[in-house]
Amino acid sequence: MQNKELIKLALEAAQNAYAPYSKFHVGAAVLFDDGQVVTGCNVENASYGLSLCAERNAISTAVAQGIASQVKKIAIASLEADKCAPCGACRQWIYEFSKDAIIVLKDGDEMVEYTISELLPCSFGKEFLL
Ligand code: THU
């Protein structure tokens, strides 16, 4: 799947965001190695710190669906920002499901790619524990 299509799916998911507090709507679309795509949006809470980011929503939805494949790419986009980079917690979650994941961001009308190791250098992962 092309980056542009993946970003389109992320933007569609962002339309469903529950973000009454920040009014910042984020969507994520995860492409797995087996070709499956799962999307998620941010879900906020009156107890602000309990809010869930779009990326973690998408990844946990995929786990709940039984997807056991590795994350190949994850596209992230916001309805409000030209470019929306993943927060630190989401970088750690992405790394859990592939240390080779590619992060695709909409940057205005362009798409930019980063590797998870660029965004989360010297990371802690399951390889430490195995
Ligand atoms: N947000 C995400 O969904 N993903 C990120 O990586 C950064 C932040 C959400 C959380 C909160 O609902 C809103 O954006 C404002 O921080």
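Odds and ends about this structure:
- Listed residue pairs exceeding 18 Å between alpha carbons, taken from LYS4/LYS106; LYS8/LYS83; LYS8/LYS106; LYS23/LYS73: LYS23/LYS73
- Solvent-accessible area of CYS122 with every protein chain in place, 1.4 Å probe, in Å² to the nearest 10: 140
- Rolling a 1.4 Å probe over the protein heavy atoms gives the chain an accessible area of 54 Å² per residue.
- The PHE128 and SER60 beta-carbon pair, evaluated with R₀ = 30 Å, returns a calculated FRET efficiency of approximately 0.85.
- Here the Karplus curve 6.51 cos²θ - 1.76 cosθ + 1.60, taken at θ = phi - 60°, turns the phi angles of the stretch 108-116 into couplings of x, 8, 9, 10, 10, 10, 10, 8, 5 Hz, with x standing for Gly and Pro.
- DSSP-defined beta bridges in the chain - what % are antiparallel, rounded to 5: 80
- Across the protein chains, with a 1.4 Å probe defining accessible surface, the residues PHE97, PHE32, PHE124 rank PHE124, PHE97, PHE32 from largest area downward.
- Largest to smallest accessible area among SER22, SER98 [probe 1.4 Å]: SER22, SER98
- Extension gain, TYR18 to GLU96, is 25.5 nm, computed as 0.36 nm per intervening residue step minus the present C-alpha separation.
- Magnitude of the charge dipole, the chain, Cβ model with Lys/Arg +1 and Asp/Glu -1, debye to 20: 240
- Whether the stretch 3-128 is rounded, prolate or oblate, judged on the alpha carbon gyration tensor where a/c under 1.5 counts as rounded: rounded
The values are calculated or read from the model by the stated rules, or taken from the named source; none is laboratory data. Since the model is a prediction, treat every value here as computed from it, not as a measurement. Note that each Cβ is placed from the backbone with ideal geometry, even for glycine, and that neighbours are counted across all protein chains shown. What goes into the accessible areas is simple: the full protein's heavy atoms, side chains included, and nothing from ligands, DNA or RNA. Shrake-Rupley method; radii C 1.70, N 1.55, O 1.52, S 1.80 Å.
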